[in-house]
1. Within the range 640-662, which residues are assigned to a strand (DSSP E or B) and touching a helix residue (DSSP H, G or I) at 6+ places or on another chain (Cβ under 9 Å)?
2. Which count do you get for residues in the range 663-701 that are in a loop (DSSP other than H, G, I, E, B) and aliphatic (A, V, I, L, M)?
3. Would you check if Gly491 is small (Gly, Ala, Ser) and modelled with pLDDT under 85?
4. Name the residue that is surrounded by the fewest Cβ atoms within 10 Å (Cβ to Cβ), counting only residues in the range 570-612 that are outside any loop (DSSP other than H, G, I, E, B) and of a type outside the set (A, V, I, L, M, F, W, C).
5. Taking the range 779-796, which residues are exposed (fewer than 14 other Cβ atoms within 10 Å of the Cβ) and not in a helix (DSSP H, G or I)?
6. Out of Glu14, Glu29, which single residue is closer than 30 Å to Arg473 by Cα and either modelled with pLDDT under 80 or not aromatic (Phe, Trp, Tyr) (or both)?
7. Among Val321, Val312, which is the only one that is under 24 Å from Ala179 (Cβ atoms), buried (at least 17 other Cβ atoms within 10 Å of the Cβ) and in contact (Cβ under 8 Å) with a residue 60 or more places away in the chain?
8. Of the residues that sit in the range 30-45 and are within 14 Å of the chain's Cα centre (by Cα) and not in a strand (DSSP E or B), which one is farthest from Phe765 (Cα to Cα)?
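The values are calculated or read from the model by the stated rules, or taken from the named source; none is laboratory data. Note that the structure is a prediction, hence the values are computed from the model and not measured. Don't worry about glycine lacking a Cβ; one is built from the backbone with ideal geometry, like all the others, and counts go over all protein chains shown.
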Amino acid sequence: MLEFYKCSSSSSIEWKPSPIVALATSVDESQVAAAREDGSVEIWLVSPGAVGWHCQLTIQGDSNLRISSLVWCCSGSGGSAAGRLFSSSIDGSISEWDLFNLTQKVVVDPIGVSIWQMAAHHLIRQQFNIKADLDSLENGHAADKSIGDGDVTSDSEIEADSLDLYEEPLTEYASIAIACDDGCVRIYNISESDQLSYYKSLPRVSGRVLSVTWSPDAKRIYSGSSDGFIRCWDAKSSHEVYRITAGLGGLGGGSELCVWSLLALRCGVLVSADSSGSVQFWDSTHGTLLQAHSCHKGDVNALAASPSHTKVFSAGSDGQVILYKLSKPTKKWVYVGYVRAHTHDVRALTVAVPISREDVSPGDKSKRARVRDKSLDTSYNKWAHTGISMLISAGDDTKLFAYPANDFTKFAPHDICPAPQRPHIQLVCNTADGFTYLLLVQAPRWVDIFKVNVKRDVSGPCGGVSTTDLVARVKSKGLRKIICSSISPSGRLFAYSDNVKPCLFELKKIKTGKSGWSISKRKLPSSLPFAHFMVFTSDSSRLMISGHDGMIYVVDSSSMEISHRFTPLSKECDEGLPPTQPPITKMFTSPDGKWLAAVNCFGDVYIFNLETQRQHWFISRLDGASVTAAGFPPKHSNVLVLATTSNQVYLFDVEAKKLGEWSAHNPFVLPRRYQDFPGEIMALTFPPSSNSSAVIIYSARAMCCIDFGMPAGRDDDVEKVNVNSLDSTLKKLYSPMSGKLKRKLMGHDYESKNGGRKNFEFCAFREPVLYVGHLAKGSVLVIDKPWLQVVKTFDEQPVHRHIYGS
């Protein structure tokens, strides 16, 4: 039985996530960008259910450039399908985010006034066919005919019948309209050379321009101002077509009314959201009021529409997300309901349509074991299918929530990131003196080293408590943002990298002095670039640095020289060419110091032999999923364990370049309770024993103990997947017969031979967990932090909720 030691001094660990100020969906709708107040941008992979949400990239931007808006634009020929990501700042500059090199580049210098919002009109390469069958067309995408009954509500009929598509002409350039503080709307074009260049400005108006959007045909531009007016502009002539008094029909009006958001629908309706708490629907042709709803109890900050443009969502400072639907009989926009998942102001909304792998054809479906029927009426997985549009909300409580757009009020929202901006934590057990546990905690602008004091609770059933004493704190120069950090297994060396260069320090225990510890800086080679990730070898003799230039540097910790450089390759024929692979965001070394596993942001794995100093193997992304955690167990240095966003676990024999024995005998038959593992897997931890074959995989919500010396589980607790439905990478790894292998231990024999103990044992957490690590073979350190304690550190106050009777 494991002994759990909970860290009682978690308050000393710095964890203050930053509010989310903007959201934007990529051009192909597969990714969502989230901008935080601290200047960082996260790229999230969208999933059609509760499993698979993954923060693919985090780019640490300039905290002085406060982001006000995000927008994606189509890439040029040969560019990414997701598009190019731009952000505007309060200082009046526009930046582009390089998703390959993970950098922020200012492409438009400050214009002297603040930019409040941006809106893009994409370069249209294909025209809509007005006479197209609306049952098979939604937002320009072919509808998925394989969706079963019950996956889409009856509202889908209303959406199809009431769609009114415009024929969109071909435009020469993709254009961005920006709403400026001086009362102007400025337009920038993205030419074929992919340069963002100033085109023109619309006439200046009184008040600040706070919101802007394009009409679906790009012929008109709508702007909302702080003077309470909504203006319609001719995009070609720059003339004002009409203006609307936004307070008409709402709770208030006048010069103090702020129009925070605008949304132009394909059916010819313009939606506005303002500071009076009103959401209003206007005829965009004439500017006349259709409906007005005043359901919010504060400013309405954001609007979003379903892909069919027959549902509109609004969110504001009262923490509510409200749904309005176009009624088929009356042709009016009616209030449907609200969901309140956020505790603070909701600042941003966006809608995305996840892309997942195709379902297995009916003829190829393998037989499934009979299990007890479970009700799915309230299950989040009921609508987890391809083509189900997802609504994502974010705000001052630093969290992201996802909702099914078609069944918005029927299912509880999904907390995408229960531990936002979780600090990097690393535990060292095998220190030089053999008695001290050290803990590295990475804060945004400094690195802390703690000494962990473990005290067993004799009165309790098992485990105890642990306390921490601060040993050292190293701040980055000029308070630059720290990107990554690592401590050596001996505890003698630790390193970090900001966005300028990596730094290395030596930690020594001394007998004199108040603290009993001393820190000295070691000089690294000046040619080293700043790093995306860093890790030490098991003997602490080498430091591996994943540079932003795409190369992996091996630094000798004794001589402080670069002993070797690796260039990750997907093909052997590319050897000798400059780096062309995506950035390496995770690295792991084997206990014997022979292997280095490097994982890029998309889930590809590169295996390097540190003895021969050559790349040994390349593993393409597994079934299209990203790698969330990995490691080499102490028992077998040639075995690599991988966990993915699809909640699968793989064992690889890196020496033989094939799947490990456990994965070969348990092909895709993991228990359902693991496939529904709550939260994104953050990391895994192995017992520091060469005799153990177990591993603990954990997220912020739960942990799971897996013993690779035991089969995956019982037959009635697993769901098999036809090997023929897998991608090419997994097909190559599995032999033709491996998909038919049966477990030798089943049913009663399985439980009796293992003392009644099942594999894949779960333990749920009450509070968000930041770190789980083995202290010894039978003891585990758990570091959590009550979310209410984190909320108290926020600068913004939570939404006030009246309690009945108070």
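1. First, the residues of the range 640-662 that are assigned to a strand (DSSP E or B): 640-644, 649-653, 658-659.
Within the range 640-662, Val649, Tyr650, Leu651, Phe652, Asp653, Lys658, Leu659 qualify.
2. Our first condition is that a residue be in a loop (DSSP other than H, G, I, E, B); within the range 663-701, this holds for 666-670, 676-682, 686-693, 699-701.
Next, only the ones that are aliphatic (A, V, I, L, M) stay: 669-670, 681-682, 700.
Of the residues in that region, 5 qualify.
3. Answer is no for this residue.
4. Going through the range 570-612, the residues outside any loop (DSSP other than H, G, I, E, B) turn out to be 572-574, 584-589, 595-600, 605-609.
Filter once more, keeping what is of a type outside the set (A, V, I, L, M, F, W, C): 572, 574, 585-586, 589, 600, 606, 609.
Values: Glu572: 8, Asp574: 14, Thr585: 20, Lys586: 20, Thr589: 23, Asn600: 22, Tyr606: 23, Asn609: 15.
For the range 570-612, the residue satisfying everything is Glu572.
5. Residues satisfying the conditions are Pro786, Lys792, Thr793, Asp795.
6. Details: Glu29 fails: closer than 30 Å to Arg473 by Cα.
Going through Glu14, Glu29 in turn, the sole match is Glu14.
7. Just one listed residue meets the conditions, Val321.
8. Taking the candidates together, the pick is Ser30.
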